[in-house]
1. Determine whether Ser21 is at pLDDT 95 or above and within 17 Å of Trp114 (Cα to Cα).
2. Could you list all residues from the stretch 83-117 that are among the polar types (S, T, N, Q) and either open to solvent by 60 Å² or more (accessible area, probe 1.4 Å) or within 19 Å of Gly26 (Cβ to Cβ) (or both)?
3. Could you list, in sequence order, the residues of the stretch 1-55 that are more than 13 Å from the chain's Cα centre (by Cα), among the aliphatic types (A, V, I, L, M) and closer than 20 Å to Phe107 by Cβ?
4. Checking the structure you have, find out if any residue of the stretch 6-28 is in contact (Cβ under 8 Å) with a residue 60 or more places away in the chain, more than 23 Å from Thr121 (Cα to Cα) and open to solvent by 10 Å² or more (accessible area, probe 1.4 Å).
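The values are calculated or read from the model by the stated rules, or taken from the named source; none is laboratory data. Quick caveat: nothing in here was measured; it's all calculated off a predicted structure. Because the Cβ atoms are built from the backbone with ideal geometry, glycine has one as well, and the counts that use them run over all protein chains shown. The accessibility values were calculated without ligands, DNA or RNA, using every heavy atom of the protein model including side chains. Shrake-Rupley method; radii C 1.70, N 1.55, O 1.52, S 1.80 Å.
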Amino acid sequence: QAQLVESGGGLVQAGGSLRLSCAASGRTISNNAGGWFRQAPGKEREFVAAISWTGFSTYYGDSVKGRFTISRDNAKNTIYLQMNRVKPEDTAIYYCAASEDPTGSYFANEYDTWGQGTQVTVSS
């Protein structure tokens, strides 16, 4: 089974940018859809973005649409989340996930492999 490790989180000012990476090891995820979810303190896990195995199809949560971009490099076995024009309400732990379904999904229960998460904090 693949292991996913997120990196790139940290502290950023509102309006700034951050790029998260999700590197897979153990097996390739090039045939899997990938997704990013986030969870803020006291809130439920929220869908952020998803990408099909080819990278041709992408999906975004309403709160990040137009600001965040999901992408992947299958040669590097890595999925990315480019976060632009960040807001304080983007503060959360961000998790990447891989799904056996190659098309991508908005739903967390359709992902079977998860990373440990990376903290993103946006200051106002």
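1. Working: at pLDDT 95 or above: yes; within 17 Å of Trp114 (Cα to Cα): yes.
The answer is yes for Ser21.
2. Correct list: Ser99, Thr103, Asn109, Thr113, Gln116.
3. Scanning the stretch 1-55 gives Ala2, Ile29, Ala40.
4. yes
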